[in-house]
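Accompanying notes for the structure given below.
The values are calculated or read from the model by the stated rules, or taken from the named source; none is laboratory data. In this text the structure is predicted, and so the values were computed from the model without any measurement. Note that each Cβ is placed from the backbone with ideal geometry, even for glycine, and that neighbours are counted across all protein chains shown. The protein model used for the area step is the full one, side chains on, heavy atoms only, and it has no ligands, DNA or RNA in it. Shrake-Rupley method; radii C 1.70, N 1.55, O 1.52, S 1.80 Å.
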Amino acid sequence: MIASLFWIAGPAGSLQVAPGMGAGGQADEDAIREVIVRRKLAWNARDSAAYAQLLTEDADIVSATGRSAAGRDAILRLLAEQHAGPYRGVTITNTDVTKIKFVRGDAAIADADFRLDGMSADDGSPLPPLRGVLSFVLCKRAGRWLISSIRGMPNEPFPANAARTVDPAA
């Protein structure tokens, strides 16, 4: 059982995945990239039903705004609030996956560069695009890759003067 937690040495010193682990194949990488693309499309379309289908029941998020939510329903509420507030009129124009690391055959971490366009200040003036990194934890359940966790990390602090129509402390 201990062997299932570690990499083991194979022939000629090569590394092999221990039993219970899995490096994931190209099909899994492609499926993970597709989930991240579908998330972007659902987010931009404000399609909470499509977004919900990509999340595990116990998913959690820390948004680029710094707000967090735990559980699919709470994430969908946060998404609706942020689309009515700081993300009103905003589109995700980029979520290029830069790295996928398989922790096990059914669990992976994916990093993606993001870009948000269309943000505006409290006075209505346009703000520059917000760029940063998204980290996703994904789990394979019943043959489908689902998002278990998202962390949004902007390169610069989230603009304090971004237009808000919801209580920013909520």
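Quick notes on this structure:
- Taking 0.36 nm per residue of separation and subtracting the current Cα-Cα distance, fully stretching the chain between T98 and N44 would add 17.4 nm.
- Residues of the range 27-170: accessible area per residue with a 1.4 Å probe, Å²: 49
- Among 121-132, 68-79, 42-53, the order from most to least packed when residues are scored by Cβ within 10 Å on average: 68-79, 42-53, 121-132
- Computed from phi, the 3J(HN,Hα) profile of the range 73-89 under the Karplus parametrisation 6.51, -1.76, 1.60 (θ = phi - 60°) reads 4, 5, 5, 5, 5, 4, 4, 5, 4, 6, 5, 8, x, x, 9, 5, x Hz, with x in place of Gly and Pro.
- Inter-site label distance for N155 and A84 at 7 Å from Cα along Cβ, in nm: 3.3
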